[in-house]
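J.: My questions will all concern the structure given below.
Rule-based calculations on the coordinates, nothing more; no lab input. Source: prediction; values computed, not measured. Ideal geometry is used to build each Cβ from the backbone, glycine not excepted, and the neighbour counts take in all protein chains shown.
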Amino acid sequence: MKRPSAFIILALILLSAPCLAAEPLPLTLSVFTLGKDVDLYQSYCDGSQGLSQTDIPFLSETNLRADSVPGVRGGSLTHGNCLGDRKLLRVKLKFHDTSQKFFNALLKEYTKQFGEPDSYQGDTFKNVIAWQWNFARGKEAVSLLLMWSRDKEMRPGVSIKMTLESLLDAEYDCYKAAFDKQEKDQGGPTAIRNLNDFVPR
């Protein structure tokens, strides 16, 4: 009897292995789905217009109303302001339960669902504990950050940040092209005249 070739055996293994099947990207956190029109979620927001972030001018962020989602004390929805399609590219949620016990319970569920985190984003002293998962499919990429903090400047308590990184990159590229053109039209950036002006005294 003719034995099957190694190529056929390998093909059968690849086709039958469930772990190698293309997994869909996680895009939905609570009621919010990345890539959707941010205006769909106006009823969850505090009524203010999305404000451009001074250090990230190509993004606009709108705060969530406390308890618009049960158990959530606050957070924000972010969309880009360069491409013009107002797609939701980031969700941040902060919870009423600020305990490390709640964080650990979420971490257990995340690990069960997504496997071990891809990177640790917290500090060495564990004032901030943050684990990140990264997902990619084709040209789309998503990051998911689960964080617990006791640092008053780093969202104290438990928070989740989920970002459609591929859309974030597209918004940045759009902004950078427009900024570079504007700077060129204005004759280029100005230069520092005296370094001592920037030494505190």
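J.: Per DSSP H run of n ≥ 4, the term is -39500 (n - 2.57); total these for the chain, divide by its residue number, and report the mean residue ellipticity at 222 nm rounded to 500 deg cm²/dmol.
T.: Estimated from H runs of four or more residues: -7500 deg cm²/dmol.
J.: Compute the helix-to-body angle for 100-114: its Cα long axis versus the longest principal axis of the chain, expressed 0 to 90° and rounded to tens.
T.: Rounded to the nearest ten degrees, it is 50.
J.: Counting pairs of alpha carbon atoms under 8 Å apart in space and at least six apart in sequence, what relative contact order in percent does segment 31-181 give? Working shown, then result.
T.: On the way: 291 pairs, mean separation 29.8, N = 151.
Answer for segment 31-181 is 20 percent.
J.: Also, quick follow-up: Would you mind ranking 148, 133 so that the residue whose beta carbon has the fewest other beta carbons within 10 Å leads the list?
T.: Fewest to most other Cβ atoms nearby, the residues stand as 133, 148.
J.: Here's something else I'd like to know. Quick one: in segment 64-140, what % of C-alpha pairs are over 20 Å apart?
T.: Percentage above 20 Å: 51.
J.: May I ask for the angle, rounded to the nearest 10°, between helix 6-16 and the longest principal axis of the chain, with both axes built from Cα atoms and the value confined to 0 to 90°?
T.: 60 degrees
J.: Please state, rounded to one decimal and in Å, the Kirkwood hydrodynamic radius that the chain gives when every pair of distinct Cα atoms enters the mean of 1/r.
T.: 20.1 Å
J.: Just subtract the alpha-carbon distance of residue 174 and residue 66 from 0.36 nm times their residue separation and send over the number in nm, one decimal. Intermediate values should be presented prior to the final figure.
T.: Values: separation 108, 0.36 × 108 = 38.88 nm, distance 3.29 nm.
Residue separation times 0.36 nm, minus the Cα-Cα distance, leaves 35.6 nm.
J.: Packing-wise, with mean Cβ within 10 Å as the measure, how do 68-75, 118-125 rank, highest first?
T.: 68-75, 118-125
J.: A further question follows. Output the pairs from 112/152; 94/139; 87/139; 87/161; 139/181 with a Cα-Cα distance over 19 Å in this structure; if there are none, say none.
T.: The pairs that break the limit, which is 19 Å between Cα atoms, are 112/152; 94/139; 139/181.
J.: Let me ask something else. Enter the angle in degrees (range 0 to 90, nearest 10) between the Cα long axis of helix 165-185 and the first principal axis of the Cα atoms of the chain, meaning the one along which they spread out most.
T.: 40 degrees
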